[in-house]
Amino acid sequence: MPEAIADMLFDIAGSKRPMRFAIYSPRWVKHQNAWGCRFTIGSPLKVSETIYGESSIQALALALKTASSYLYGSELYKDKKIGLYGEFGGDLGIPAPNCFLDIAPYPF
């Protein structure tokens, strides 16, 4: 697996193990004829997805936005069980997509 270009660890209420979010360098995917940017979100969400774009920047931006949707849209977030630095249910350190502004801070 390639090395992540950026990552962060989220606190999970009731767990001693943090949940890792990582994003990987965009790569040209010939069979898709597009740039692909992979991201992973560890347990307990367990998400691994590649998002495609017409440019590497677009793929990267869309991957970050998609990952943000998974995080802010999760039951963990709604139940205030995911957070940073011991604070739960608030800012996760990445912008939230506009559709989550009623529950999450900072639009994307």
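Does any residue of the range 63-74 turn out to be small (Gly, Ala, Ser) and more than 15 Å from ILE94 (Cβ to Cβ)?
Within the range 63-74, not a single residue is small (Gly, Ala, Ser) and more than 15 Å from ILE94 (Cβ to Cβ).
Please go through the range 68-108 and give me each residue that is hydrophobic (A, V, I, L, M, F, W, C), within 14 Å of LEU9 (Cα to Cα) and either at pLDDT below 90 or within 15 Å of the chain's Cα centre (by Cα) (or both), ordered by number.
Correct list: LEU71, ILE82, LEU84, LEU92, ILE94.
Return yes when ILE82 is β-branched (Val, Ile, Thr) and touching a residue at least 60 places away in the same chain (Cβ under 8 Å) and no when it is not.
Yes, satisfied.
Are there strands (runs of 3 or more DSSP E) fully within the range 15-81 with at least 3 residues that are buried (at least 16 other Cβ atoms within 10 Å of the Cβ)? List them.
19-24, 34-41, 47-53
Tell me which of these ALA22 doesn't satisfy, since it passes every other one: (1) out of contact with any Gly (no Cβ under 9 Å at 6 or more places or on another chain); (2) at pLDDT 95 or above.
Going through (1) out of contact with any Gly (no Cβ under 9 Å at 6 or more places or on another chain); (2) at pLDDT 95 or above one by one, ALA22 breaks only (1).
Under 14 Å from the mean Cα position of the chain (by Cα), among the polar types (S, T, N, Q), at pLDDT 95 or above and closer than 26 Å to PRO2 by Cα - does that describe any residue in the range 53-65?
For the range 53-65, residues under 14 Å from the mean Cα position of the chain (by Cα), among the polar types (S, T, N, Q), at pLDDT 95 or above and closer than 26 Å to PRO2 by Cα: absent.
Of the residues SER74, SER48, which is in contact (Cβ under 8 Å) with a residue 12 or more places away in the chain and small (Gly, Ala, Ser)?
Only one candidate qualifies: SER74.
A quick yes/no check of all residues on (1) in contact with a helix residue (DSSP H, G or I) (Cβ under 7 Å, 6 or more places away or on another chain); (2) within 19 Å of PRO97 (Cα to Cα):
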position: GLU3; (1), (2): no, no
position: GLY14; (1), (2): no, no
position: HIS31; (1), (2): no, no
position: SER43; (1), (2): no, no
position: THR50; (1), (2): no, yes
position: GLY53; (1), (2): yes, yes
position: LEU60; (1), (2): no, yes
position: LYS80; (1), (2): no, yes
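The values are calculated or read from the model by the stated rules, or taken from the named source; none is laboratory data. All values reported here derive from a predicted model rather than from experimental measurement. So basically every Cβ, Gly included, is an ideal-geometry build from the backbone, and we count neighbours across all protein chains shown.
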